[in-house]
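What follows is a set of notes on a single structure, which appears directly below.
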Amino acid sequence: MAKEYDVIIVGGGHNGLVTAAYMARAGRKVLVLERRSVLGGACVTEETFAGFKVSTAAYVNSLFRPDIIRDLRLADHGFEMLERSPSSFTPFPDGRHLFLGPDEAMTRRSIAQFSEKDAEAYPRYEAMLERVAAFIEPTIDQEPPDPQSKRLGELWKTLKLGLNFRKLGPDMEEAIRVLTAPAQVILDEWFESEELKTTLATDAIIGAMAAPSTPGTGYVLFHHVMGETNGKKGVWGYVRGGMGGLSNSIADSARAFGAEIRTDAAVERITVSKGRVSGVVLNDGTEFKARTVASNLDCNLTFNHLVGAEHLDADFHRRINRIRYDSASMKINVALSELPDFKALPGKQPGPQHRGTIHLCATTETIEKAFDDAKYGIPSSRPVLECTIPSVVDDTVAPDGKHLMNMFVQYAPYHLAEGTWEDHRDDFADRCFQIFDEYAPNFSASVLERQVLAPPDLEKMFGLTGGNIFQGEMNLFQLAPMRPVLGWANYRTPIGGLYLCGAAAHPGGGVMGACGRNAAQRMLQDGR
């Protein structure tokens, strides 16, 4: 006899765990099923190297919703954020370097090395982004309005959004430009120094198959002023014990509310009867019953692999299958015997150059050329590197005297013009290390072990179609009411009782937890 639950969550990523915790808190009988032996999905900590706690995929945090932290009492379950100052360090080939945030005086002095004009403009630029973010951020916690709905409530939500947008007043034009323009256009309007623009531009392309000249990349620019760490707006930090520390605290909260969580439990099929879910079947044949199922997986895996086209309306199936999963991101995790000794700021002892995000990219032209390669299926001849060394701030993630580096690389296209990633993986990683050596000559010699994850590896390990870290590109035509497709941005699906609770739904990718919480709220409302 199949065991019955009120709600089954497919996938134990951080969003699925958030959904489970909220549903269990509301008194529902909840089961979470995770394919891997470790919880967290892409927000995970693993002992990839002996004695090291590696954030295998996601590696920094700021956007996770503070109200979820409070609601689920995550601090009581071990969650702790560690602030970084400075936020970023960019060394340049000429021996100079740039520090940014959160110390305003330090930031101003650092920018002034390159341009007094930019040093004066930067606080105004951040203030503009903060005003736009203050308008955008509340929409993260709401269901997007359906512009085509004939229901009065949906029409009112659409009208209200427009009225709120008008409240931006003179910033409305700036908001529209930031949301739609290329990042390069925005940065060129505000600044003159190539060094500052390059540092900011690298943040606009993270996880995207796009260059700063691509329309829509401006949208990402205000993410660095959105969110918070320990109540400090715009500050990014590390999770103590690695990113899995967040997922594990959510899981512990869910269990405390009564949820059951199983790992090594791969779902093979979501069962559907007469247009409604009835439960799930695992790959070992075990069956569980439930009238409500929430999928933390992307739309490709949910509908093409677990549900099946035979249960879907042909038009919905067509629209789901045109979701773009283009990806060009590689993650390299590295165990180090010592810290990088940068030419631009020498020293192997922990210093400000080691605490925040390290940007290795000389010019915006370098980014554009790197993307040009990727457009044609060629791994970038000179990739863009964004690196962090969490062990400098968090003494729990590496053995004494050793350090851990996370290296996020653009561009490593999923689809290659020649060969496979089995042919290119190590050569491309070697090229990344050679670039790092140009800035810190001791780097390669200090590498003890490395893990190189190309897009197909991310796809296989984490169930991310195309290796896309956001469960679908975060382009304007795949955001808000269009996520996953128009008419279904309310976490429901055409299958009765089946919901989306992961990054495939609004507001999309990133370690926010909002997708999971919003889905739980919709499920509870429907349950009433």
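Each reported figure results from applying straightforward, stated rules to the coordinates on display, with no laboratory input. Treat the numbers as computed from the prediction; the structure is a model and nothing was measured. Cβ: placed from backbone, ideal geometry, glycine included. Neighbour counts: every protein chain shown.
A few notes on this one:
- Dipole magnitude (debye, nearest 20) for the range 326-462, charges at Cβ of Lys, Arg, Asp, Glu: 320
- Highest average packing first - 300-306, 271-277, Cβ atoms within 10 Å: 300-306, 271-277
- Residue among V334, Y411, V392 farthest towards the positive dipole end of the range 326-462, charges placed on Cβ: V392
- Computed from point charges on the beta carbon alone (+1 for Lys and Arg, -1 for Asp and Glu), the dipole magnitude for the chain about its Cα centre is near 2160 Debye.
- The protection proxy used here, the mean number of other Cβ atoms lying within 10 Å of each residue, ranks peptides 12-23, 413-424 as follows, highest first: 12-23, 413-424.
- Positive-end ranking of G78, H359, Y22 along the dipole of the chain, with charges on Cβ about the Cα centre, is headed by Y22.
- Helix 152-166 axis, angle to the chain major axis (alpha carbon atoms, nearest 10°): 10
- Expressed to the nearest 5 percent, the antiparallel share of DSSP beta bridges inside the chain is 70 percent.
- When peptides 241-252, 363-374, 430-441 are sorted by average Cβ neighbour count within 10 Å, with the highest value leading, the order is 241-252, 363-374, 430-441.
- Per-residue ³J(HN,Hα) for the range 362-376, Karplus 6.51 cos²θ - 1.76 cosθ + 1.60, θ = phi - 60°, Hz, x for Gly and Pro: 6, 8, 5, 5, 4, 5, 4, 5, 4, 5, 4, 4, 4, 3, 9
- Restraint check, K369/K460; K331/K402; K197/K233; K53/K369; K53/K232, Cα-Cα greater than 31 Å: K53/K369
- Positive-pole candidate from T107, T90, V7, dipole of the chain, charges at beta carbon: V7
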